Amino acid sequence: QVPLVESGGETVQAGGSLRLSCEFSRQTFTHYAMGWFRQTPGQEREFVAAISANGGHTHYADSTRGRFTISRDNAKKTLYLAMENLKSDDTGVYYCAAQITTAQVVGVIRPDYWGQGTEVTVSS
């Protein structure tokens, strides 16, 4: 079974807000750093944001820093991405990802697991 399942993607107007969720099916959620990536058809998948296993440290791409907030609820085994002031360039398929590490500082994670993706369309 796929351990990560994203939800929340939909069409939203530019300037609007949206929150994505990712449910983690494994028992050891606290052993994983988590992150979000996004991809437009024909383009490379790009890093969006990451968060450490205990939620104490985050890292963002320059294009999302200040507008997006990554968070996690370890009791619920759920990862979130809150997106504000959305732009047309934010359109794409957003993927949840997990890396097996309890490192307290994270950068761009190297995923061991990927979700199937959820589509976000920002209309102008």
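The values are calculated or read from the model by the stated rules, or taken from the named source; none is laboratory data. Note that this is a predicted model, so its numbers are computed, not measured. Glycine gets a Cβ as well: all are built from the backbone with ideal geometry, and neighbour counts include every protein chain shown. Calculation scope for accessible area: heavy atoms of the full protein, side chains included, ligands and nucleic acids excluded. Shrake-Rupley method; radii C 1.70, N 1.55, O 1.52, S 1.80 Å.
Cβ-Cβ distances below 7 Å connect the following pairs, each with a first residue in segment 105-117 that is free of Cβ contacts under 8 Å to residues at least 60 places away in the same chain, a second residue that is part of a loop (DSSP other than H, G, I, E, B) and open to solvent by 20 Å² or more (accessible area, probe 1.4 Å), and a separation of six or more residues or different chains: V105/H57. One residue stands out in segment 108-124 among those that are of a type in the set (S, T, N, Q) and open to solvent by less than 90 Å² (accessible area, probe 1.4 Å): the one that is farthest from the chain's Cα centre (by Cα), namely S123. Among the residues of segment 51-71, those that are without any contact (Cβ under 8 Å) to a residue 40 or more places away in the chain, surrounded by 15 or more Cβ atoms within 10 Å (Cβ to Cβ) and assigned to a strand (DSSP E or B) comprise Y60, F68, T69, I70, S71. Does Q13 qualify as being touching a residue at least 40 places away in the same chain (Cβ under 8 Å), closer than 17 Å to V93 by Cα and exposed (fewer than 14 other Cβ atoms within 10 Å of the Cβ)? Taking the combined requirement at face value, the residue satisfies it. Taken over segment 75-102, the criterion of being over 16 Å from E23 (Cα atoms), open to solvent by 50 Å² or more (accessible area, probe 1.4 Å) and assigned to a loop (DSSP other than H, G, I, E, B) is satisfied by E84, N85, K87, T102.
From the list G9, G35, G66, G15, the one residue that fits, being closer than 30 Å to S123 by Cβ and touching a Ser or Thr at 6+ places or on another chain (Cβ under 6 Å), is G9. Counting only residues that are closer than 16 Å to T118 by Cα and assigned to a loop (DSSP other than H, G, I, E, B), which one in segment 16-50 is most open to solvent (accessible area, probe 1.4 Å)? Going through the qualifying residues, I end up with P41.
Of the residues examined, V105 is one that is among the β-branched types (V, I, T), over 14 Å from E6 (Cβ atoms) and open to solvent by 50 Å² or more (accessible area, probe 1.4 Å).
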